[in-house]
């Protein structure tokens, strides 16, 4: 009869009955020699529904918690600093190109540029010139801090051609021993002599590096303004008059004129 009413096969109905019996919702009794299944009390059915709802809710909450933990782990993975290494003959060129790619949507890059020698490597100058040219064509301004040497002053003299501004600092006070470029979200450090370079993708650290650079930059600008100011010597009027009088008295004509002036004053004073 159940099969006809539900449209399910005997096997499906049999498995369902076993589950319901296992949960105490129905019971099997033999009446007049015929086995029959009787539904339990209303309270038992209500309790079963309550338990079932609670279990389903707990399962959904557990899945949601697991999903949130998974998302948090993804966020931590995304925020974790990432390193890019460049080695070999093309390391410096590759690093410069990567910095340019990262800086396309920026208006400015910050550059620490130590001078390793007065006559820098021709290939290195070629890479740097290429970097400056592409950077200028993309409208990216550069602020550079370099050393106060002949080569450093030569770099500063070409600022108007390279869309940049350079400040120089005494070599012994230069803050780093390697070349470093700071972009929006990363810091590029490299050693030209060893053909090695590293880019650290770490936005929070890059922000702190920008603040440090700006502090040093402002200090150098203030120092430069003080150095370029020419002090105006104070004029000592009394000393100046005495100097003029002395020079005037040394001349014979000056002595004669002075004597005449004294004579006029005496005559006027005594009413002669």
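At a Förster distance of 41 Å, what's the computed FRET efficiency of residue 70 paired with residue 138, Cβ-Cβ distance as r, to 0.05?
Numbers: r = 39 Å, r/R0 = 0.95.
Between residue 70 and residue 138 the formula returns 0.55.
Along the Cα→Cβ direction, 7 angstrom out, place labels at residue 193 and residue 13. What is the inter-label distance in nm?
9.2 nm
Need one number: nm distance between label points at residue 220 and residue 107, each 7 Å from Cα along Cα→Cβ, rounded to one decimal.
2.1 nm
Take the alpha carbon gyration tensor of the stretch 127-191, find the square roots of its eigenvalues, order them as a ≥ b ≥ c, and report rounded if a/c is under 1.5; if not, report prolate when a/b exceeds b/c, else oblate.
Values: a/c = 1.98, a/b = 1.20, b/c = 1.65.
Oblate.
Can you report the principal axis dimensions of the stretch 82-228 using only the alpha carbons, biggest first, rounded to whole angstrom?
In descending order, the Cα extents are 42, 35, 30 Å.
Every number here is computed from the coordinates shown, using simple stated rules; none is lab data. The shown structure was predicted, so the numbers you read here are calculated from the model rather than taken from an experiment. Virtual Cβ from ideal backbone geometry, glycine too; neighbours counted across all protein chains shown.
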